[in-house]
Structures are given as C-alpha cells and as structure tokens.
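Colleague: Mind looking over this structure? Questions follow.
The values are calculated or read from the model by the stated rules, or taken from the named source; none is laboratory data. All values reported here derive from a predicted model rather than from experimental measurement. Glycine also receives a Cβ, built like all others from the backbone with ideal geometry; neighbour counts cover every protein chain displayed.
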Amino acid sequence: MNYLVIYPGRFQPFHLGHKATYDYLVDRYGDSAVYIATSDKTNDEDSPFSYDDKTQMTRALGIPAGHVQKVKNPYRADEIVKSLGDEEKATTALIFAISAKDGKRFTYKPESYLQPLPTDLKSLKPMTQHAYVEIAPTVNFRVKGVDADSATKIRELYKNGNQADRDTIITDLYGKADPHLIDLFDKKIGQNDPEPVVSYGQEGIYAGDTPGQVMRESRLIQLKQNIQRLQGQLQTLRESQDYIDEKRR
C-alpha cells in the first residue's frame, strides 16, 4: 500500500515546530508521501500571512516547494487528493496528520469515511474506501525564552518586541535572523508604532530603539530640571521684592 499523508493547517506562521512534525511524518512514511496543505485565506486579526508568505517560511526551513500545496480547505485538501488517478487511489492510503488539539474536532462512526489511524498500518484500506486521521506529535520549543505554545503568542511577541527581540524571534523560528523573513514579519505583523523623537539638548531618544524605562527616566530628569529652574527664578523674584520693600522703608 502506498501512502498520501496530508499535514493541514493555517500556519500563522509556519515555524520550526511545524517543521519537526513534517520531518517526523517524512521519517515515518517517506519524503515523497508527505504534503503540507494550507490555504491563501488571510485576515488582519489572526491570519496575516498569505500562501506565498508561508512558502517563504517553508523554503527557509528546507521543505521542497512541491510539497507545500495551496488548497481551499486544508482539512479536505481536495486539490491534492483529486490529482491522483483512479488506479493510484485504489492502491493508496490517505492519512491526515493533525495535532491532538485539532483531533478533538472529529468523531468517528464505523460507517464513516474518516477513521482513526490503526496501530497496524498493514490493515489500512485505500482512499477509495476510507481515509485516516493520525495524531502527530507536537514538538515544543521556545521563542525569546518562553514556550511557543500558540501562533497568537508568537505574533504578540514579535509585534511588541524591539529590533533585537525580533531578530531573536526569527532566529528561534527559522534557525537564523533571515532579513527577508524579518521584512515579511514587519510588513504583515508590524510592531507598535514608535513614539516621536524626544530631544534633550544634543541627545535624541527613540522609543522604538530603547527601553521605555529610559524614556521615562529622561523625561523625569527634564521635569526636575524645569522645576529647579522655576524655583531659582522664583527665589530671584522674592529677593528682588525684598530689596524693593527695604528701599521703601
């Protein structure tokens, strides 16, 4: 029996954890059998990356371009399945490899087309009779020193980070601070807008490049200097008033 293994997902973004799952599937079923299925759907809230964006990420991780397929629905992947001829379908087992979290969406009945993957792969039926769901292992890793437990967390870390943080995040996700991926993330996720330059004499402090604490401390110093200057002016005014009163006596 041949295998067609589809690894579906939104992948917002695709990263080293996903690559580890892909590698596990390749080791288990062979590199010619495994395909990543993802859509081109985007939105500003939780899906900023397009299909083309995600292929940049998979290429950076060494995944062959032909094994990343654009589909309308990753959890059906009709575009991949229908590419096989009738003879191939009759001799190929179809397997969807998903996470334990996604696996909770499925319920199985004996007569259902979709079935849980049996322990004995020799008992698999061809895709003309059934398709199977395998719960692939989730590979935990850390981004910027914290557990990368969700794509939402990764996007938040990137958006709220400074330049050094963003370089570290891209390195943690892809093995190096790839400038093309940094530029892509900057465009699609962005970052908190930097505050205007605040100048104190010859010094300029940029909120986007230095910690906020430095900005606040500098403003506090300037405020103290202004207070001291006003106190000096007030003291001078009081002394001059005392002198005028003395002249009048």
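Colleague: Just one of Val68, Val26, Val81 is without any contact (Cβ under 8 Å) to a residue 24 or more places away in the chain and among the hydrophobic types (A, V, I, L, M, F, W, C); which is it?
Modeller: Testing whether each residue is without any contact (Cβ under 8 Å) to a residue 24 or more places away in the chain and among the hydrophobic types (A, V, I, L, M, F, W, C) leaves just Val26.
Colleague: Tell me, yes or no, whether segment 114-125 has at least one residue that is modelled with pLDDT of 95 or more, of a type in the set (Asp, Glu) and assigned to a loop (DSSP other than H, G, I, E, B).
Modeller: So far as segment 114-125 goes, yes, one or more of its residues are modelled with pLDDT of 95 or more, of a type in the set (Asp, Glu) and assigned to a loop (DSSP other than H, G, I, E, B).
Colleague: Quickly run through segment 143-165 and pick out the residues that are under 25 Å from Lys104 (Cα atoms) and either part of a loop (DSSP other than H, G, I, E, B) or among the basic types (Lys, Arg) (or both). Give the steps one after another, and end with the answer.
Modeller: Step one: list which residues in segment 143-165 are under 25 Å from Lys104 (Cα atoms), which gives 147-155.
Listed by number, the residues that qualify are Ala148, Asp149, Ser150, Lys153, Arg155.
Colleague: OK, next. So, Thr168, is that one of a type in the set (S, T, N, Q), buried (at least 16 other Cβ atoms within 10 Å of the Cβ) and farther than 19 Å from Tyr75 by Cβ or not?
Modeller: Taking the combined requirement at face value, the residue satisfies it.
Colleague: Continuing with this model, one more query. Out of (1) closer than 22 Å to Tyr24 by Cα; (2) free of Cβ contacts under 8 Å to residues at least 40 places away in the same chain; (3) in a loop (DSSP other than H, G, I, E, B), the odd one out for Lys101 is which?
Modeller: It is condition (3) that Lys101 fails.
Colleague: Limited to segment 65-74, what total is found for residues that are surrounded by 13 or more Cβ atoms within 10 Å (Cβ to Cβ) and within 22 Å of Lys176 (Cα to Cα)?
Modeller: Total meeting the criteria: 1.
Colleague: Among what's in segment 129-145 and is farther than 19 Å from Tyr75 by Cβ and in contact with a strand residue (DSSP E or B) (Cβ under 9 Å, 6 or more places away or on another chain), pick the residue that is surrounded by the most Cβ atoms within 10 Å (Cβ to Cβ).
Modeller: Once the filter is applied, the top-ranked residue is Phe141.
Colleague: Please return the ranges of helices (runs of 4 or more DSSP H) entirely within segment 6-96 where 1 or more residues are closer than 15 Å to Ala131 by Cβ.
Modeller: 16-29, 78-81, 86-89
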